[in-house]
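Okay, structure first, notes after.
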Amino acid sequence: MASINMTIQCDTREHSGQIERIEQQFDELGIKHFRSKLYCGDYQSLDNPRLVVDRKKDLQELCGNVCQQHDRFRSELVRAQEAGIQIVILCEHGGGIKCLEDVYFWNNPRRRTSPKAMDGWKLFKVLNTMKEKYGVRFEFCDKRQTGRRIVEILSDGYS
């Protein structure tokens with residue numbers, strides 16, 4: 001990755017253990033960062049406030065957002081859309097989930113104890129609907145690459 005002169009704002013509501021891991025990755029990449037409340041999302045470059053990354057620890061969390069916390073999650077997407085902000089959901093699932101199409105084949109471990117829990121094909125359909133309706137992008141990575149992926153996503157358009 002080429003050297004990028006970027007400063008990333010990290011939302012103060014991001015989970016402390018996770019943000020410390022990601023900030024360490026930023027440090028290793030030479031990326032400046034600070035913590036402050038964001039309007040939406042978890043990470044934003046100061047050079048482009050119209051693009052934010054919202055990190056999810058795995059597909060379980062994302063599934064919970066679109067099911068149990070649907071109204072809150074949808075409200076954030078609508079708020080961003082109305083403000084002209086592009087949200088990229090970065091899901092740290094790993095384990096063979098590299099793109100939105102891979103979600104289709106995901107086996108939700110909750111289905112073992114709760115047969116009504118959402119399965120992969122249904123989550124895939126919901127995420128595609130949100131993508132079309134709210135313009136949200138879904139990206140996937142392994143936890144070891146989260147910092148790098150955030151920088152890559154936020155540096156779209158940098159030379």
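Read the figures in this text as sums done on the coordinates, not as results from a lab. Being a predicted model, the structure only gives us computed values, none of them experimental. Here the Cβ is made from the backbone with ideal geometry for all residues, glycine too, and neighbour counts use every protein chain on show.
Please say if segment 53-119 is rounded, prolate or oblate, where rounded means a/c under 1.5 for a ≥ b ≥ c the square roots of the C-alpha gyration tensor eigenvalues, and otherwise the choice is prolate for a/b larger than b/c and oblate otherwise? Cα axes put segment 53-119 in the oblate bin. Build a GNM of the chain with springs between Cα atoms under 10 Å apart, and of CYS99, CYS63, CYS141 the one that fluctuates most is CYS99.
Given a cut-off of 29 Å, name the pairs among LYS37/LYS122; LYS37/LYS125; LYS32/LYS122; LYS32/LYS125; LYS57/LYS133 whose C-alpha atoms lie farther apart than that in the structure shown. Going by Cα-Cα distance, LYS37/LYS122; LYS37/LYS125; LYS32/LYS122; LYS32/LYS125 fall outside the 29 Å limit. Among beta bridges from DSSP that stay inside the chain, the antiparallel ones total about 25%. Among rounded, prolate and oblate, which fits segment 8-58 when a ≥ b ≥ c are the square roots of the eigenvalues of its C-alpha gyration tensor, a/c under 1.5 means rounded, and a/b larger than b/c means prolate? In terms of gyration-tensor shape, oblate. Note that segment 111-127 has calculated 3J(HN,Hα) couplings of 5, 5, 9, 9, x, 8, 4, 5, 9, x, 5, 6, 4, 4, 5, 5, 5 Hz, one per residue in order, obtained from phi through the Karplus relation 6.51 cos²θ - 1.76 cosθ + 1.60 (θ = phi - 60°); glycine and proline are x. Highest GNM mean-square fluctuation among SER36, SER45, SER114, for the chain modelled with Cα contacts below 10 Å: SER114. 3J(HN,Hα) couplings calculated from phi for segment 6-18 with the Karplus curve 6.51 cos²θ - 1.76 cosθ + 1.60 (θ = phi - 60°) are, in sequence order, 9, 10, 10, 8, 10, 5, 5, 8, 5, 4, 4, x, 6 Hz; Gly and Pro show x. Among GLY147, GLY84, GLY94, the largest mean-square fluctuation in a Gaussian network model of the chain, built with springs joining Cα atoms closer than 10 Å, belongs to GLY84.
Restricting attention to segment 42-119, close to 25% of DSSP beta bridges with both partner residues there are antiparallel. Per the Debye formula on identical point scatterers at the alpha carbon atoms of the chain, with no solvent, log10 I(q)/I(0) at q = 0.14, 0.16 Å⁻¹ is -0.70, -0.91.
For segment 72-159, trypsin sites (Lys or Arg not before Pro) are listed when DSSP marks them as loop and at most 14 other Cβ atoms sit within 10 Å of their Cβ; the list is LYS98, LYS116.
Close amide-amide hydrogen proximity is noted between CYS10 and PHE34, ARG35, SER36, each under 5 Å apart and 5 or more residues distant or on a separate chain (H modeled in the peptide plane; Pro and chain starts excluded). Shown for VAL66, VAL151, VAL78, VAL88: other C-beta atoms within 10 Å of each C-beta, ranked fewest to most, produce the order VAL78, VAL66, VAL88, VAL151.
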